[in-house]
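A.B. asks: This is the structure I have questions about; it appears just below.
The values are calculated or read from the model by the stated rules, or taken from the named source; none is laboratory data. Here the structure is a predicted model, which means the values were calculated and not measured. Quick reminder, even Gly has a Cβ in these numbers, built from the backbone with ideal geometry, and neighbours come from all protein chains shown.
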Amino acid sequence: MEVTLTVNGSQHSLEVAENTLLVDLLREHLRLTGTHVGCDTSQCGACTVHLDGRSVKSCSVLAAQADGAEITTIEGIGSPDDLHPMQAAFRECHALQCGFCTPGMIMSAIDLVQSSDDLDRRAVREGLEGNLCRCTGYHNIVDAVLRAAPQMK
Amino acid sequence: MAEAIESGIGAPVRRKEDMRFITGEGRYTDDFSQRGQVYAAFLRSPYARARLDSVDASEALAMEGVLAVLTGQDMAADGFGDLPCGWTVKQKDGSDMVTAAHPPLAHSIVNYAGEPYGLVVASSVAVARRAAERVITEFTELDAVVNPALAMDSEDIHAGVVGNLCYDWELGDASATDAALAAAAHVTRLDLTNNRLIPNAMEPRAALGIYDPGTGEHTLYTTSQNPHLERLVLSAFVKVAPEHKLRVIAPDVGGGFGSKIFVYPEETAVIWAARKLRRPVKWTAERGESFLADAHGRDHVTHAQLGLDEQGRFVALKVQTTANLGAYLSLFGSSVPTYLYGTLLAGQYKTPNIHVEVHGVYTNTAPVDAYRGAGRPEATYVVERIVEIAARELGMDPVELRRRNMIQPADFPYQTPVALVYDTGDYEASLDKALQLIDYAGFPARRAAAAVAGKRRGIGLSCYIEACGLAPSKLAISLGAGVGLYESGEVRVNPTGSVTVFTGTHSHGQGHETTFAQVVAARLGVDIDDVELVHGDTGRVEFGLGTYGSRSLSVGGSAIVGALEKVIAKGRRIAAHMLETDVENIDFEEGQFRLRDSNRALSFGEVAFAAYVPADYPEDLEPGLSEKAFYDPENFTYPAGTHIAEVEVDVETGVVALVNLVAVDDFGILINPLIVHGQVHGGLAQGAGQALLEQAVYDEYGQLQTGSLMDYCIPRADDLPDFLVDTTVTPCTHNPLGAKGCGEAGAIGSPAAIMNALTDALGVNDISMPATSEKIWRALSG
């Protein structure tokens with residue numbers, strides 16, 4: 001089947017199998033390998049991207065469901081010369097170690113900040129409970145989200 | 001020199017590697033693809049123990065897109081060897097441990113649920129997985145041995161391994177310990193289990209095998225913490241390919257925690273299949289495969305006795321442990337419950353008599369090997385739980401009891417009764433700082449306030465020690481290690497003065513690209529951005545033993561220091577010639593080769609350029625400015641510290657909240673405190689996971705009941721508190737950086753602290769890890 005979608009501002013029309021997952025479309029068809037797969041049960045959140053501005057786990061969305069949608073991945077939010085405030089905060093606060101959960105964590109954190117008022121540490125922890133990190137113990141991730149939040153307003 | 005200060009030793013430099021990770025430009029094994037690549041799916045045993053009678057692949061082979069179905073029989077026929085264990089443990093009676101063959105792919109018997117016995121290779125992952133389901137395998141199911149405590153009384157799993165006993169090992173003086181216990185004024189007894197854990201690095205294991213028929217070169221991209229060791233094992237033991245025809249690349253690796261040290265069946269099979277099929281073959285584990293077939297950790301059953309005299313001084317510690325090794329010995333599975341466990345049972349204390357006996361047993365479960373801490377969390381859990389319980393039994397303040405028994409700064413170097421010689425430390429300094437950070441004095445008031453709110457609050461300590469930077473090679477090899485424990489470092493100064501550094505350690509989250517660059521930049525006086533670290537590729541780095549046991553900085557960093565000193569020595573000779581003086585008159589400081597007592601100097605860059613464009617150059621010196629060094633530590637390093645946990649239990653529901661977790665650690669000299677604190681945070685999270693949430697559960701048939709992230713609970717952001725971490729410093733006395741290692745401490749110290757806090761809150765001693773709400777509720781409900 002053909003799927004037409006906008007990814008990081010560029011429109012793509014792709015021929016994919018009907019059971020293709022959005023994450024596979026991104027990783028295998030578009031070679032956007034910044035979005036990772038960490039589990040097969042929608043538990044870890046490493047594959048989180050934005051679909052029409054809201055975070056989704058791209059392992060749980062069929063490519064077909066993204067037909068006509070705007071997708072933003074980690075590659076689409078900033079560049080080394082022009083980091084998104086959340087990216088910059090993750091670096092500043094040492095909120096990443098191995099980097100594998102980081103793209104999904106950043107994409108979830110951006111949506112969390114955009115959809116919440118008055119985040120505090122507890123609210124950040126609850127808001128990110130769908131994204132697993134095995135390296136950082138989350139402490140510095142909470143710091144980073146709260147650092148980026150005012151810069152995103 | 002503001003730049004130098006900002007990036008110098010001890011500066012919290014923001015990580016160089018982060019830029020690629022935060023922009024999605026990291027390159028992990030599964031991100032690499034080759035033209036013509038095909039995909040593997042493994043055939044895995046559904047039984048914990050069974051005879052493999054026949055494999056009928058005809059239906060699978062008929063499917064469109066299926067290239068091959070390869071089995072353990074095929075691999076054996078191709079002359080492949082078994083996966084080795086890298087440490088031969090000597091038993092009590094002096095004989096070698098009893099091992100069982102571990103073929104990479106099972107060919108006649110399967111010994112754990114999930115064990116691979118073949119693979120399907122197909123044009124896509126989906127086809128490979130569908131085809132794997134169409135392979136019809138006949139098994140004869142056999143009775144499985146699952147419970148390690150019963151293993152020695154069960155049917156033998158492996159021919160020739162009587163009573164499933166791999167080894168009966170001991171350390172320390174048994175009769176002196178027994179005598180001291182018999183004479184002790186008080187003996188505290190403790191039975192405990194150290195729960196079996198599944199590491200769960202967020203990046204699943206993966207492998208991409210490539211074979212070049214023109215050159216005969218094999219290239220294996222894989223998720224490894226130690227690519228050179230992987231190459232050595234695959235070449236020397238498994239006979240995949242000669243070492244010079246095998247390149248192993250471990251690119252960005254998404255966490256390891258020990259689980260990616262070992263050489264696994266899957267990568268072995270992938271490189272084999274690539275050669276057989278003349279196609280690049282890729283495999284990436286599903287999380288379910290990680291649960292079934294990554295090496296698990298811990299899994300001890302222990303009885304311990306601590307004897308004390310009338311003054312509360314420890315007189316003897318006797319420990320008997322049954323350690324579950326799983327179905328086969330993983331690469332270092334034998335050493336973890338012995339040399340990395342028994343040797344740590346002195347803890348921070350002057351216990352004069354210690355004896356430990358360990359039965360390492362085979363069971364029909366996944367192999368068990370090093371997981372963050374590896375033996376040392378198990379030792380700490382025994383020591384710090386029994387010390388706490390002894391204090392309760394004697395009605396003593398647990399802090400005071402510990403103080404009374406601690407090794408004091410004046411006692412170093414301190415020979416323990418269990419082989420190790422601690423070089424330095426100041427245990428009360430860490431203890432005092434931790435007590436202050438958690439406001440220990442204010443705890444009774446917090447407990448009273450919690451009681452008013454219907455909650456039970458408890459506090460618990462753990463004063464741990466670990467042995468890191470495993471060493472020295474000669475000693476380890478004499479104790480059965482099959483490899484050395486040194487590390488290599490190379491410093492290649494480029495003609496323009498920038499520096500490329502090569503290390504045999506591997507970074508999979510630890511930030512070596514930054515920390516090591518800080519070491520190099522500080523010593524050479526160059527900008528940190530002019531230093532690049534290369535690691536993780538046997539084609540680029542000469543040799544190395546990888547990253548495990550918190551060794552990278554203390555051992556790998558020390559090797560780099562050795563190479564730096566050689567570079568500087570050569571630079572001084574070049575500078576002496578250019579400045580027309582003797583080498584003795586040249587000092588090197590802050591990036592300048594200076595003629596002593598003069599204002600004449602050459603910059604590091606000028607000397608580097610002269611080394612490669614030797615217009616005016618010493619006749620007796622080779623051109624170039626590139627040096628290598630190997631560093632073999634003369635002793636272990638001994639990070640130590642105090643962790644204190646405070647918990648609050650809801651009596652109605654059994655829900656436990658970890659409200660405070662403090663860690664004060666002595667890692668020696670810190671290069672980058674930002675990274676060090678991050679390492680501690682991660683370790684604390686895994687320690688909290690072990691104490692409260694995580695456990696691998698097999699049923700009586702050997703089926704893994706916790707085979708997904710829905711059944712096995714790793715900590716989420718809302719399960720954990722903010723951490724309070726700090727450090728004290730006694731520099732390591734025997735390596736040039738004074739560094740001890742920080743990677744594992746968090747996971748070593750914290751479980752005992754949390755369980756001591758929880759049992760303090762509940763007023764019972766025998767809650768087992770993980771202390772789930774259900775367990776606590778049942779304990780409270782009597």
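A.B. asks: Give the range B:418-464 a look and list any residue that's among the aliphatic types (A, V, I, L, M), part of a loop (DSSP other than H, G, I, E, B) and touching a strand residue (DSSP E or B) at 6+ places or on another chain (Cβ under 8 Å), or say none.
C.D. replies: Here is the first cut: in the range B:418-464, the residues among the aliphatic types (A, V, I, L, M) are B:418-421, B:429, B:431, B:434-435, B:437-438, B:441, B:445, B:448-453, B:459, B:461.
Now restrict to residues that are part of a loop (DSSP other than H, G, I, E, B): B:418-420, B:453.
Result: B:418, B:419.
A.B. asks: Test residue B:259 against the criterion of being away from chain A (no Cβ under 14 Å) and closer than 28 Å to residue B:78 by Cβ, and give yes or no.
C.D. replies: Numbers: away from chain A (no Cβ under 14 Å): no; closer than 28 Å to residue B:78 by Cβ: yes.
Taking the combined requirement at face value, the residue does not satisfy it.
To keep it simple, each residue is scored yes or no on (1) farther than 24 Å from residue A:23 by Cβ; (2) at the interface with chain B (Cβ under 7 Å from one of its Cβ atoms); (3) touching an Asp or Glu at 6+ places or on another chain (Cβ under 7 Å).
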residue	(1), (2), (3)
A:88	yes, no, no
A:97	no, yes, no
A:106	no, yes, no
A:109	no, no, no
A:113	no, no, no
A:117	yes, no, no
A:128	no, yes, no
A:138	no, yes, no
A:147	yes, no, yes
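A.B. asks: Shifting gears a bit: If you check B:57, B:62, B:48, which single one turns out to be surrounded by fewer than 22 Cβ atoms within 10 Å (Cβ to Cβ), over 21 Å from residue B:238 (Cβ atoms) and touching a residue at least 60 places away in the same chain (Cβ under 8 Å)?
C.D. replies: On the way: B:62 fails: touching a residue at least 60 places away in the same chain (Cβ under 8 Å); B:48 fails: surrounded by fewer than 22 Cβ atoms within 10 Å (Cβ to Cβ).
Result: B:57 is the single residue among B:57, B:62, B:48 that is surrounded by fewer than 22 Cβ atoms within 10 Å (Cβ to Cβ), over 21 Å from residue B:238 (Cβ atoms) and touching a residue at least 60 places away in the same chain (Cβ under 8 Å).
A.B. asks: Examine the range B:396-403 for a residue that is surrounded by 21 or more Cβ atoms within 10 Å (Cβ to Cβ), of a type in the set (Val, Ile, Thr), assigned by TED's automatic domain parsing to the domain that holds residue B:356 and within 30 Å of the chain's Cα centre (by Cα), and state whether such a residue exists.
C.D. replies: No, the range B:396-403 contains no residue that is surrounded by 21 or more Cβ atoms within 10 Å (Cβ to Cβ), of a type in the set (Val, Ile, Thr), assigned by TED's automatic domain parsing to the domain that holds residue B:356 and within 30 Å of the chain's Cα centre (by Cα).
A.B. asks: For residues that are assigned to a strand (DSSP E or B) and either at pLDDT below 95 or within 14 Å of chain A (Cβ to nearest Cβ) (or both), tally how many sit in the range B:180-201. Break it down into steps so the answer makes sense when it comes.
C.D. replies: If we filter the range B:180-201 for residues that are assigned to a strand (DSSP E or B), which is where we start, we get B:186-194, B:197.
After this cut, where a residue has to be either at pLDDT below 95 or within 14 Å of chain A (Cβ to nearest Cβ) (or both) as well, the list is B:197.
Here the count works out to 1.
A.B. asks: Going through the range B:318-360 one residue at a time, which ones are surrounded by fewer than 24 Cβ atoms within 10 Å (Cβ to Cβ), within 22 Å of residue B:186 (Cα to Cα) and not charged (D, E, K, R)?
C.D. replies: Those that are surrounded by fewer than 24 Cβ atoms within 10 Å (Cβ to Cβ), within 22 Å of residue B:186 (Cα to Cα) and not charged (D, E, K, R): B:320, B:352, B:353.
A.B. asks: With the range B:672-782 as the region, which helices (runs of 4 or more DSSP H) entirely inside it contain at least 3 residues that are buried (at least 24 other Cβ atoms within 10 Å of the Cβ)? Lay out the reasoning, then the answer.
C.D. replies: Details: elements: B:673-692, B:745-762, B:773-780.
Here the list reads B:673-692, B:745-762.
A.B. asks: Residues that are among the hydroxyl-bearing types (Ser, Thr, Tyr), touching a helix residue (DSSP H, G or I) at 6+ places or on another chain (Cβ under 9 Å) and without any contact (Cβ under 8 Å) to a residue 60 or more places away in the chain: list the strands (runs of 3 or more DSSP E) wholly contained in the range B:484-550 that include at least 1 such residues.
C.D. replies: Details: elements: B:487-493, B:499-503, B:531-534.
Hits in the range B:484-550: B:499-503.
A.B. asks: Here is a further query. Taking the condition of being surrounded by fewer than 18 Cβ atoms within 10 Å (Cβ to Cβ) and touching a Lys or Arg at 6+ places or on another chain (Cβ under 8 Å), how many residues in the range B:82-101 meet it?
C.D. replies: Qualifying residue count, the range B:82-101: 1.
A.B. asks: Which one is nearest to residue B:335 (Cα to Cα), of the residues in the range B:297-312 that are in contact with a Gly (Cβ under 9 Å, 6 or more places away or on another chain) and either of a type in the set (A, V, I, L, M, F, W, C) or not in a strand (DSSP E or B) (or both)? Walk me through how you get there before you give the answer.
C.D. replies: Taking the range B:297-312 and keeping what is in contact with a Gly (Cβ under 9 Å, 6 or more places away or on another chain), we get B:297-299.
Next, only the ones that are either of a type in the set (A, V, I, L, M, F, W, C) or not in a strand (DSSP E or B) (or both) stay: B:298-299.
Details: B:298: 12, B:299: 14 Å.
Restricting to residues being in contact with a Gly (Cβ under 9 Å, 6 or more places away or on another chain) and either of a type in the set (A, V, I, L, M, F, W, C) or not in a strand (DSSP E or B) (or both), the top hit is B:298.
A.B. asks: If you don't mind, there's one more thing I want to ask. Please specify each residue of the range B:613-645 satisfying the condition of being over 31 Å from the mean Cα position of the chain (by Cα) and aliphatic (A, V, I, L, M).
C.D. replies: Correct list: B:613, B:615, B:621, B:625.
A.B. asks: Right, another one. Specify the residue that is farthest from the other protein chains (Cβ to nearest Cβ); the eligible residues are those in the range A:72-86 that are in a helix (DSSP H, G or I) and not acidic (Asp, Glu).
C.D. replies: Applying the first criterion (in a helix (DSSP H, G or I)) to the range A:72-86 yields A:74-76, A:85-86.
Keeping just the survivors that are not acidic (Asp, Glu) gives A:74, A:76, A:85-86.
On the way: A:74: 4, A:76: 9, A:85: 11, A:86: 9 Å.
For the range A:72-86, the residue satisfying everything is A:85.
A.B. asks: Collect the residues in the range B:355-395 that are of a type in the set (A, V, I, L, M) and farther than 26 Å from residue B:173 by Cα, keeping them in residue-number order.
C.D. replies: Going residue by residue through the range B:355-395, those that are of a type in the set (A, V, I, L, M) are B:356, B:358, B:361, B:366, B:368, B:370, B:374, B:379, B:382-383, B:386-387, B:389-391, B:394.
Listed by number, the residues that qualify are B:366, B:368, B:370, B:394.
A.B. asks: Would you confirm whether any residue within the range B:16-35 is away from chain A (no Cβ under 14 Å) and either in a helix (DSSP H, G or I) or more than 30 Å from residue B:157 (Cα to Cα) (or both)? I'd like the intermediate steps shown before the answer.
C.D. replies: Step one: list which residues in the range B:16-35 are away from chain A (no Cβ under 14 Å), which gives none.
The answer is no; no qualifying residue exists.
A.B. asks: Among the listed residues A:37, A:61, A:3, identify the single one that is of a type in the set (A, V, I, L, M), within 12 Å of the chain's Cα centre (by Cα) and at pLDDT 95 or above. I'd like the intermediate steps shown before the answer.
C.D. replies: Working: A:61 fails: within 12 Å of the chain's Cα centre (by Cα); A:3 fails: within 12 Å of the chain's Cα centre (by Cα).
Exactly one of A:37, A:61, A:3 is of a type in the set (A, V, I, L, M), within 12 Å of the chain's Cα centre (by Cα) and at pLDDT 95 or above, namely A:37.
A.B. asks: Follow-up. Go through the range A:65-86 and count every residue that is within 23 Å of residue A:19 (Cβ to Cβ) and in contact with a strand residue (DSSP E or B) (Cβ under 6 Å, 6 or more places away or on another chain). Can you show your working first?
C.D. replies: Taking the range A:65-86 and keeping what is within 23 Å of residue A:19 (Cβ to Cβ), we get A:65-71, A:73.
Narrowing the set further to residues that are in contact with a strand residue (DSSP E or B) (Cβ under 6 Å, 6 or more places away or on another chain) leaves A:66-67, A:69-71, A:73.
Residues in the range A:65-86 being within 23 Å of residue A:19 (Cβ to Cβ) and in contact with a strand residue (DSSP E or B) (Cβ under 6 Å, 6 or more places away or on another chain): 6 in total.
A.B. asks: Continuing with this model, one more query. With respect to residue A:31, determine if the residue is at the interface with another protein chain (Cβ under 10 Å from one of its Cβ atoms) and crowded, with 16+ Cβ neighbours inside 10 Å. Walk me through it before giving the result.
C.D. replies: Details: at the interface with another protein chain (Cβ under 10 Å from one of its Cβ atoms): yes; crowded, with 16+ Cβ neighbours inside 10 Å: no.
Judged against the criteria, residue A:31 is not a match.
A.B. asks: Same structure, new question: Using beta carbons and a limit of 8 Å, which pairs, at least six apart or on different chains, have the first residue in the range B:238-255 and away from chain A (no Cβ under 14 Å) and within 22 Å of residue B:203 (Cα to Cα) and the second one assigned to a helix (DSSP H, G or I) and at pLDDT 95 or above?
C.D. replies: B:247/B:231; B:248/B:227; B:248/B:228; B:248/B:230; B:248/B:231; B:248/B:234; B:249/B:227
A.B. asks: Restricting to the range B:123-165, name every residue that is among the charged types (D, E, K, R) and either assigned to a helix (DSSP H, G or I) or in contact with a strand residue (DSSP E or B) (Cβ under 9 Å, 6 or more places away or on another chain) (or both). Spell out how you get there, then give the answer.
C.D. replies: Here is the first cut: in the range B:123-165, the ones among the charged types (D, E, K, R) are B:129-130, B:133-134, B:138, B:141, B:143, B:153, B:155-156.
Of everything in the range B:123-165, those that are among the charged types (D, E, K, R) and either assigned to a helix (DSSP H, G or I) or in contact with a strand residue (DSSP E or B) (Cβ under 9 Å, 6 or more places away or on another chain) (or both) turn out to be B:129, B:130, B:133, B:134, B:138, B:141, B:153, B:156.
A.B. asks: Quick one: would you say residue B:317 is touching a Ser or Thr at 6+ places or on another chain (Cβ under 8 Å), of a type outside the set (S, T, N, Q) and not in a loop (DSSP other than H, G, I, E, B)? So that I can check it myself, show each step before the final result.
C.D. replies: On the way: touching a Ser or Thr at 6+ places or on another chain (Cβ under 8 Å): yes; of a type outside the set (S, T, N, Q): yes; not in a loop (DSSP other than H, G, I, E, B): yes.
Taking the combined requirement at face value, the residue satisfies it.
A.B. asks: The conditions are (1) touching a residue at least 12 places away in the same chain (Cβ under 8 Å); (2) among the small types (Gly, Ala, Ser); (3) in a loop (DSSP other than H, G, I, E, B), and residue B:559 fails exactly one of them. Which is it?
C.D. replies: All conditions pass for residue B:559, except number (3).
A.B. asks: Looking at the range B:692-722, which of its residues are more than 9 Å from chain A (Cβ to nearest Cβ) and under 18 Å from residue B:201 (Cα atoms)? Explain how you work it out, then say what you get.
C.D. replies: Of all residues in the range B:692-722, those more than 9 Å from chain A (Cβ to nearest Cβ) come to B:692-707, B:711-713.
B:693, B:694, B:695, B:696, B:706, B:707, B:711, B:712, B:713, listed by residue number.
A.B. asks: Going by the structure shown, is residue B:83 away from chain A (no Cβ under 14 Å), farther than 27 Å from residue A:33 by Cβ and in a strand (DSSP E or B)? Lay out the reasoning, then the answer.
C.D. replies: Numbers: away from chain A (no Cβ under 14 Å): yes; farther than 27 Å from residue A:33 by Cβ: yes; in a strand (DSSP E or B): no.
It is false that residue B:83 is away from chain A (no Cβ under 14 Å), farther than 27 Å from residue A:33 by Cβ and in a strand (DSSP E or B).
A.B. asks: Here is a further query. Which of the residues spanning the range A:34-66 are within 8 Å of chain B (Cβ to nearest Cβ) and not small (Gly, Ala, Ser)?
C.D. replies: Here is the first cut: in the range A:34-66, the residues within 8 Å of chain B (Cβ to nearest Cβ) are A:34-41, A:43-44, A:46.
Of everything in the range A:34-66, those that are within 8 Å of chain B (Cβ to nearest Cβ) and not small (Gly, Ala, Ser) turn out to be A:35, A:36, A:37, A:39, A:40, A:41, A:43, A:44.
A.B. asks: Something else: Any residue in the range B:340-351 that is under 25 Å from residue B:234 (Cβ atoms) and not β-branched (Val, Ile, Thr)? Before you say what the answer is, go through the steps one by one.
C.D. replies: Here is the first cut: in the range B:340-351, the ones under 25 Å from residue B:234 (Cβ atoms) are B:340.
Cutting the leftovers down to not β-branched (Val, Ile, Thr) gives us B:340.
Looking for residues that are under 25 Å from residue B:234 (Cβ atoms) and not β-branched (Val, Ile, Thr), one finds at least one in the range B:340-351, hence yes.
A.B. asks: Could you go through the range B:210-223 and let me know if any residue there is under 16 Å from residue B:262 (Cα atoms), small (Gly, Ala, Ser) and assigned by TED's automatic domain parsing to the domain that holds residue B:104. It would help to see each step written out before you state the result.
C.D. replies: Pass one, the range B:210-223, residues under 16 Å from residue B:262 (Cα atoms): B:220-223.
Within this subset, residues satisfying the condition of being small (Gly, Ala, Ser) are none.
No, the range B:210-223 contains no residue that is under 16 Å from residue B:262 (Cα atoms), small (Gly, Ala, Ser) and assigned by TED's automatic domain parsing to the domain that holds residue B:104.
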